[in-house]
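Worksheet: the structure to be examined is printed underneath.
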Amino acid sequence: MVENHTWKDPSRYINRLFVEEPCLELDYTQEILARANLPWTLVPERQKPNDLGDNFVENLTMGKRQLYLCNNRGLFFKPCPGTREYQCCDYQVVNTGTNCPIDCVYCILQAYLNTPWLTFHVNTDQLFHELSESLSANPQQFFRIGTGEFTDSLAIDRLTCLSRPLVEFIALRDNAVLELKTKSAVIDNLQGLHHNGKTIIAWSLNAAPIMARYELRSATLAERLDAAQKCAEWGYRLAFHFDPIIDYPGWQSGYAETIDRLFEKIPASAIAWISLGALRYIPSLKEIGIMRFPGAKIYYQEFITGLDGKARYFRFNRVRLYQHIFALLQKKASAGTCIYFCMESDEIWREVMGYTPGDRGGLSKMLDRTVR
């Protein structure tokens, strides 16, 4: 068994903060600065903290050690940017910031963002205002909300403590659940909260060799499962995401070991959903990934361009991966756990699971029924 060096709390990698000038007077900003106890620099309004963005890719590693506290001038709350060509789950995203101190070889943010530093939006009064307005204006709609689209939900929570007000806010809403998705083991702020069963704590999982080689500065499999076990003891529902599933020599035993360890540690009844998604990436990520991680082999396999323009394993190979992993999960998962594909076609659903989301009211409804 291979596991990476422990990074239970990847925020320890951060060594400098920057603060946008209008944000300095906020109590929340002052709280973060006090908790971090790191050198910080004031940045004029709407300006960049430094010139690392001029050579974005070359400076990504350095940028992941810098945290910029600034205002979000756009919307905090919006639909997940899925694609109409594949089955989407109608997720809603809260954009709390961008980038994270974890460095995954396959991370799409390397090609999606244009600034290398971490950002965190401190004007959270606006965040909660948007959430309150949207949920109140649509009482008949059920919202599944996540913060892990452009960053890791908990990787810097030791500094921001944003999980606490988010969990307590959602606990009082009848038409929403919150999912906090992470590769860290940062859970201390979740203990003792009145969550009312409305927050799902989720971990990305993979075969241990993949986690060790391709998920730098992330918590080990053992640390993630230990954290998940504690959250289950605190009454939280859990979720796990096998994404990206990667084809490598020994993948069958690698994923089998992870699944065995998952269900040895976690009660099956505590798991709300499990997602599966094979490796896929936008074309520009390949060059960036090879340049930053020349020893990585994942980009040198055979791929085909999918309907969404992303490179994907050939359909036969995806089905082979999915059938094996789905069969392992089916043997151990609770009947109440929704196992689903992230961004796959009806053809893949039917070939692997024997049905399509449309047969059961749609993927969104399938997930909603699991937690309502």
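The numbers here are math on the coordinates, done by the rules we state, and not lab data. These figures come from a predicted structure and were not determined experimentally. Virtual Cβ from ideal backbone geometry, glycine too; neighbours counted across all protein chains shown.
Run the numbers on the range 1-158 and let me know its relative contact order in percent, using alpha-carbon pairs under 8 Å that are six or more apart.
Relative contact order of the range 1-158: 28 percent.
Show me the trypsin sites (Lys or Arg not before Pro) within the range 48-157 that DSSP assigns to loop and that have at most 11 other Cβ atoms within 10 Å of their Cβ.
When the trypsin sites (Lys or Arg not before Pro) of the range 48-157 are filtered for loop state and at most 11 Cβ neighbours within 10 Å, Arg73, Arg84 remain.
Pulled fully out, how much extra length does the chain show between Lys286 and His129, if you take 0.36 nm times their separation in residues and subtract their Cα-Cα distance?
Stretched fully, the Lys286-His129 segment lengthens by 52.6 nm.
Tell me what the chain gives for mean residue ellipticity at 222 nm when only DSSP H runs of n ≥ 4 count, each as -39,500 (n - 2.57), the sum divided by the residue total, rounded to 500 deg cm²/dmol.
Working: 13 runs with 125 residues, N = 372.
After summing the helix terms and dividing by the residues of the chain, the value is -9500 deg cm²/dmol.
Compute the orientation-averaged projected area for the range 10-371 from the convex hull of its Cα atoms and round it to one decimal in nm². Kindly include the intermediate steps, with their values, before the conclusion.
Details: hull surface 68.2 nm².
Its Cα hull, projected and averaged over all orientations, spans 17.0 nm².
For the charge dipole of the chain, defined by +1 on Lys and Arg C-beta atoms and -1 on Asp and Glu C-beta atoms about the Cα centroid, which residue among Pro49, Pro116, Gln323 has the Cα displaced farthest towards the positive pole?
Checking the options against the dipole of the chain, the answer is Gln323.
For His324 and His194 in the same chain, what is the full-extension length gain: residue separation times 0.36 nm, less their Cα-Cα distance, in nm?
42.9 nm
Mind checking which of Val19, Thr96, Tyr106 is farthest towards the positive end of the chain's charge dipole, using Cβ charges of +1 (Lys, Arg) and -1 (Asp, Glu) about the Cα centre?
Tyr106
Where nothing but the Cβ of Lys and Arg (+1) and of Asp and Glu (-1) is charged, how large is the charge dipole of the range 1-160 around its Cα centre, in debye to the nearest 20?
Computed about the Cα centre, the dipole is about 240 debye.
What number results when the radius of gyration of the range 63-189, computed over Cα atoms, is divided by 2.2 N^0.38 Å?
The value comes to 1.06.
Please work out how much length the chain gains when fully extended from Glu351 to Asn37, using 0.36 nm per residue of separation minus the C-alpha to C-alpha distance, in nm with one decimal.
107.7 nm
In sequence order, what are the phi-derived ³J(HN,Hα) couplings for the range 104-110 according to the Karplus relation 6.51 cos²θ - 1.76 cosθ + 1.60 with θ = phi - 60°, rounded to whole Hz, with x for glycine and proline?
Calculated HN-Hα couplings, in order: 8, 4, 9, 5, 5, 5, 4 Hz.
For the range 142-157, just list the computed ³J(HN,Hα) in residue order, Karplus coefficients 6.51, -1.76 and 1.60, θ = phi - 60°, integers in Hz, with x standing in for Gly and Pro.
The phi angles translate into 9, 10, 9, 10, x, 10, x, 7, 10, 7, 8, 5, 10, 4, 10, 5 Hz.
Please work out the Kirkwood hydrodynamic radius for the range 191-333, using every pair of different C-alpha atoms, and report it in angstroms with one decimal place.
After inverting the pairwise mean of 1/r, the radius is 16.5 Å.
Search the structure for amide H atoms under 5 Å from the amide H of Phe18, placed 1.01 Å from N in the peptide plane, and list their residues when 5 or more places away or on another chain.
Residues meeting the amide H criterion: Thr41, Leu67, Tyr68, Leu69.
Before anything else, pin down the relative contact order of the range 184-249: Cα pairs under 8 Å, at least 6 apart, normalised by residue count, whole percent. Can you show the working numbers first?
Working: 65 pairs, mean separation 31.9, N = 66.
48 percent.
Hey, fewest Cβ within 10 Å first, where do His241, His194, His121 land in order?
With the fewest neighbours first, His241, His194, His121 line up as His194, His241, His121.
Taking the chain as a Gaussian network, Cα atoms linked when under 10 Å apart, which of Arg12, Arg46, Arg312 shows the biggest mean-square fluctuation?
Its mean-square fluctuation being the largest, the pick is Arg46.
Let's see if you can work this out: charge +1 on each Lys and Arg Cβ, -1 on each Asp and Glu Cβ, no other charges. What is the dipole magnitude of the range 279-322 about its Cα centre, in debye to the nearest 20?
In debye, rounded to 20, the range 279-322 gives about 160.
Counting only pairs 8 or more places apart or on different chains, how many lysine pairs in the range 10-371 have C-alpha atoms closer than 13 Å?
For the range 10-371, the number of qualifying lysine pairs is 4.
Say the dipole of the chain comes from +1 at the beta carbon of Lys and Arg and -1 at that of Asp and Glu; which of Leu193, Gly148, Ser364 then lies farthest toward its positive end?
After comparing all options, I get Ser364.
Express the relative contact order of the range 10-371 as a whole percentage, based on alpha carbon pairs under 8 Å and six or more residues apart in sequence. Don't skip to the end; give the middle numbers.
On the way: 644 pairs, mean separation 56.6, N = 362.
So the answer I get is 16 percent.
Sort 271-278, 124-131 by packing, meaning the average of other beta carbons within 10 Å per residue, with the highest value first.
So the order, starting with the most tightly packed, is 271-278, 124-131.
Can you give me the long-range amide H partners of Ala278? Hydrogens built in the peptide plane at 1.01 Å from N, cutoff under 5 Å, separation of 5 or more residues or another chain.
Hits under the 5 Å cutoff: Ile245.
Can you list residues from other chains, or at least 5 along the same chain, whose modelled amide H is less than 5 Å from the amide H of Trp273?
Phe240, Cys338
Fewest to most neighbouring Cβ within 10 Å: what's the order for Val19, Val371, Val122?
In order of increasing Cβ crowding within 10 Å: Val371, Val19, Val122.
Are there GluC sites (Glu not before Pro) in the range 284-372 that DSSP marks as loop and that have at most 14 other Cβ atoms within 10 Å, and which are they?
Details: sites: Glu287, Glu302, Glu344, Glu347, Glu351; in loops: Glu302, Glu344.
Here the sparse-neighbourhood loop sites are Glu302.
Nothing charged except the Cβ atoms of Lys and Arg (+1) and of Asp and Glu (-1): what's the magnitude of the dipole of the range 10-371 about its Cα centre? Round to the nearest 20 debye.
Numbers: 39 positive and 40 negative charges, 165 e Å.
Dipole magnitude for the range 10-371 comes out near 800 debye.
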